[in-house]
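Structure first, commentary second.
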Ligand SMILES: Cc1cc2nc3c(=O)[nH]c(=O)nc-3n(C[C@H](O)[C@H](O)[C@H](O)COP(=O)(O)OP(=O)(O)OC[C@H]3O[C@@H](n4cnc5c(N)ncnc54)[C@H](O)[C@@H]3O)c2cc1C
């Protein structure tokens, strides 16, 4: 049995946990981040690409050595929504409509995770402990003790524990926080493709019954143009698609993409994720703060999930930098809950409405979606504020 002390222990070394660890580490806070996985089979095999939008990029630039990953970050300059139920009617939204060069950047998760780990190991006050599963938490008057099981039993005593351990968060349930789930029996398939037509730094979302099919531009692979694809559909169809051979699968993907990027060719493995929404009843408990999917999960529509997490981390950073001596004071924690819960609920409601309108197979809804989108796209005083909202602008307090 061994033990350690730190100011903040972060449970989970997925994107949320690593970005939080690095951000807090840069503030000079002593942080230990633990994950039940060992690095060898850990999240480096994540084939997803994350679109970081608006202020998320500013926060990311603090968490990671941006110059070292900039070459693999693809700017997202335009977004086009295609309605496959309406003669392929499409509406375009360009960053320059709201005076921006780009909405954000798309980055492959495995590149970002590697760079975050490197950054974290460069701070003298942060460390990652892998192969360590959090199994118990004991909040006390002056500290919280978390117990990790791995090669040996390990205790960490900290001022505050951050739950970044994903949708099935153990820390959240041990802290007695319940969740509510909402779903449309959908799954999302994630895979990367090369294609014959250029993407022009444009993301395309193609709506059809079952859910959207989204192509996000990534760095070209060799001679070909490349995109990362998220294909949302109902459970049964998703299972059927996953069971197909690569050749049959790519034929289906080509049909579903409506030739928007020319001919698609699969360039790696396919992975499948459940796609549903889940919200924790509270984002805090005694000496515990929830961030990322431990607090909120949304279907991968409009690149909102991780961007919501970036706003969690920005808020955590703001509170920590304002009062390092009172990290877990109840008034500090309730400020976190108050500032994040309502904002997340509003955004989740919008994402779920969008998902419902895209997933449901109903002619009247399709008609309403098409008319609504066209009205919205052609009405700048409505369109521009909503584009800004989708793009994520949150308050970034500056480090001194
Ligand atoms: C296909 C797809 C595409 C997406 N694209 C985008 C996008 O473009 N933009 C965007 O904003 N969002 C996107 N998202 C959402 C985004 O990927 C997620 O919000 C993000 O990956 C969640 O990260 P997390 O760190 O909160 O959770 P996870 O990635 O689940 O990480 C949790 C970590 O905790 C560890 N853990 C669990 N339990 C324990 C324990 N008891 N002890 C120790 N460790 C533990 C796990 O091993 C894991 O490493 C997408 C999601 C999907 C499915």
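The values are calculated or read from the model by the stated rules, or taken from the named source; none is laboratory data. Computed from a predicted model, the values in this text were never measured in an experiment. Counting neighbours? That spans all protein chains shown, and the Cβs are built from the backbone with ideal geometry, glycine included.
Of the residues that sit in segment 170-189 and are more than 23 Å from the chain's Cα centre (by Cα) and farther than 14 Å from residue 295 by Cβ, which one is nearest to the ligand (Cβ to nearest atom)?
Kept after step one, since they are more than 23 Å from the chain's Cα centre (by Cα), are these residues of segment 170-189: 174-176.
Next cut, farther than 14 Å from residue 295 by Cβ only: 174, 176.
Values: 174: 9, 176: 16 Å.
Checking each candidate, the answer is 174.
Can you confirm whether segment 79-89 contains a residue that is within 16 Å of the ligand (Cβ to nearest atom) and crowded, with 19+ Cβ neighbours inside 10 Å?
Looking for residues that are within 16 Å of the ligand (Cβ to nearest atom) and crowded, with 19+ Cβ neighbours inside 10 Å, one finds at least one in segment 79-89, hence yes.
Is there any pair linking a residue in segment 117-132 that is closer than 19 Å to residue 154 by Cβ to one that is away from the ligand (no atom under 12 Å from the Cβ) and in a loop (DSSP other than H, G, I, E, B), with Cβ under 6 Å and at least six apart or on different chains, and which?
Listed by first residue and then by second, the contacts come to 125/30.
Only residues that are more than 26 Å from the chain's Cα centre (by Cα) and farther than 21 Å from residue 157 by Cα: list them for segment 323-339, please. Before the answer, list the steps.
Within segment 323-339, the first condition is being more than 26 Å from the chain's Cα centre (by Cα), and the residues that meet it are 323-326, 329-331.
Within segment 323-339, 331 is the sole residue that qualifies.
Being away from the ligand (no atom under 12 Å from the Cβ) and buried (at least 17 other Cβ atoms within 10 Å of the Cβ) is the filter here, so list the residues in segment 281-297 that pass it. Walk me through it before giving the result.
Here is the first cut: in segment 281-297, the ones away from the ligand (no atom under 12 Å from the Cβ) are 281-289.
Within segment 281-297, 282, 283, 284, 285, 287, 288, 289 qualify.
Regarding residue 10, is this residue outside any helix (DSSP H, G or I), within 14 Å of residue 120 (Cα to Cα) and either within 16 Å of the ligand (Cβ to nearest atom) or out of contact with any helix residue (DSSP H, G or I) (no Cβ under 6 Å at 6 or more places or on another chain) (or both)? Explain how you work it out, then say what you get.
On the way: outside any helix (DSSP H, G or I): yes; within 14 Å of residue 120 (Cα to Cα): yes; either within 16 Å of the ligand (Cβ to nearest atom) or out of contact with any helix residue (DSSP H, G or I) (no Cβ under 6 Å at 6 or more places or on another chain) (or both): yes.
For residue 10, the condition - outside any helix (DSSP H, G or I), within 14 Å of residue 120 (Cα to Cα) and either within 16 Å of the ligand (Cβ to nearest atom) or out of contact with any helix residue (DSSP H, G or I) (no Cβ under 6 Å at 6 or more places or on another chain) (or both) - is met.
If a residue must be within 22 Å of residue 109 (Cα to Cα) and not in a loop (DSSP other than H, G, I, E, B), how many such residues does segment 205-235 contain? Before the answer, list the steps.
Residues of segment 205-235 within 22 Å of residue 109 (Cα to Cα): 205, 212-222, 224-232.
With the extra rule that they be not in a loop (DSSP other than H, G, I, E, B), the set shrinks to 205, 213-221, 224-232.
Adding up the residues that qualify gives 19.
Answer yes or no: is there a residue in segment 54-75 that is more than 13 Å from the ligand (Cβ to nearest atom), over 19 Å from residue 316 (Cα atoms) and in a strand (DSSP E or B).
yes
Right, residue 276: under 27 Å from residue 105 (Cα atoms), surrounded by fewer than 20 Cβ atoms within 10 Å (Cβ to Cβ) and within 12 Å of the ligand (Cβ to nearest atom) or not? Don't jump to the end; show me each part of the working.
Details: under 27 Å from residue 105 (Cα atoms): yes; surrounded by fewer than 20 Cβ atoms within 10 Å (Cβ to Cβ): yes; within 12 Å of the ligand (Cβ to nearest atom): yes.
Taking the combined requirement at face value, the residue satisfies it.
Does segment 332-342 contain at least one residue that is touching a residue at least 24 places away in the same chain (Cβ under 8 Å), buried (at least 19 other Cβ atoms within 10 Å of the Cβ), within 16 Å of the ligand (Cβ to nearest atom) and on the phi > 0 side of the Ramachandran plot?
No, segment 332-342 contains no residue that is touching a residue at least 24 places away in the same chain (Cβ under 8 Å), buried (at least 19 other Cβ atoms within 10 Å of the Cβ), within 16 Å of the ligand (Cβ to nearest atom) and on the phi > 0 side of the Ramachandran plot.
Residues are listed down the side, and each one gets a yes or a no for (1) modelled with pLDDT of 95 or more; (2) farther than 30 Å from residue 379 by Cα:
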{"site": "95", "(1), (2)": "no, no"}
{"site": "114", "(1), (2)": "no, yes"}
{"site": "137", "(1), (2)": "yes, yes"}
{"site": "167", "(1), (2)": "yes, yes"}
{"site": "177", "(1), (2)": "yes, yes"}
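With the requirement that a residue be part of a loop (DSSP other than H, G, I, E, B) and touching a strand residue (DSSP E or B) at 6+ places or on another chain (Cβ under 8 Å), what does segment 303-359 give you? Reasoning before the result, please.
First pass over segment 303-359, keeping only residues part of a loop (DSSP other than H, G, I, E, B): 303-304, 323, 327-329.
If the condition is that a residue be part of a loop (DSSP other than H, G, I, E, B) and touching a strand residue (DSSP E or B) at 6+ places or on another chain (Cβ under 8 Å), then 303, 327, 328 are the ones that fit.
When you check residue 24 against the structure, is it assigned to a helix (DSSP H, G or I) and away from the ligand (no atom under 12 Å from the Cβ), yes or no?
Numbers: assigned to a helix (DSSP H, G or I): yes; away from the ligand (no atom under 12 Å from the Cβ): yes.
Against the criterion (assigned to a helix (DSSP H, G or I) and away from the ligand (no atom under 12 Å from the Cβ)), residue 24 qualifies.
Please determine whether any residue of segment 116-126 is more than 30 Å from residue 268 (Cβ to Cβ), outside any loop (DSSP other than H, G, I, E, B) and within 16 Å of the ligand (Cβ to nearest atom).
Scanning segment 116-126 turns up no residue that is more than 30 Å from residue 268 (Cβ to Cβ), outside any loop (DSSP other than H, G, I, E, B) and within 16 Å of the ligand (Cβ to nearest atom).
Would it be correct to say that residue 262 is touching a strand residue (DSSP E or B) at 6+ places or on another chain (Cβ under 9 Å), free of Cβ contacts under 8 Å to residues at least 40 places away in the same chain and under 30 Å from residue 246 (Cα atoms)?
Values: touching a strand residue (DSSP E or B) at 6+ places or on another chain (Cβ under 9 Å): yes; free of Cβ contacts under 8 Å to residues at least 40 places away in the same chain: no; under 30 Å from residue 246 (Cα atoms): yes.
Here the answer is no, as residue 262 does not meet what is asked.
Tell me which residues, restricted to segment 127-147, are in a loop (DSSP other than H, G, I, E, B) and more than 25 Å from the chain's Cα centre (by Cα). Give the steps one after another, and end with the answer.
To start, the set of residues in segment 127-147 that are in a loop (DSSP other than H, G, I, E, B) comprises 131-132, 140-143.
Correct list: 140, 141, 142, 143.
Restricting attention to segment 154-169, report how many residues are over 17 Å from residue 6 (Cα atoms) and either part of a strand (DSSP E or B) or more than 11 Å from the ligand (Cβ to nearest atom) (or both).
0
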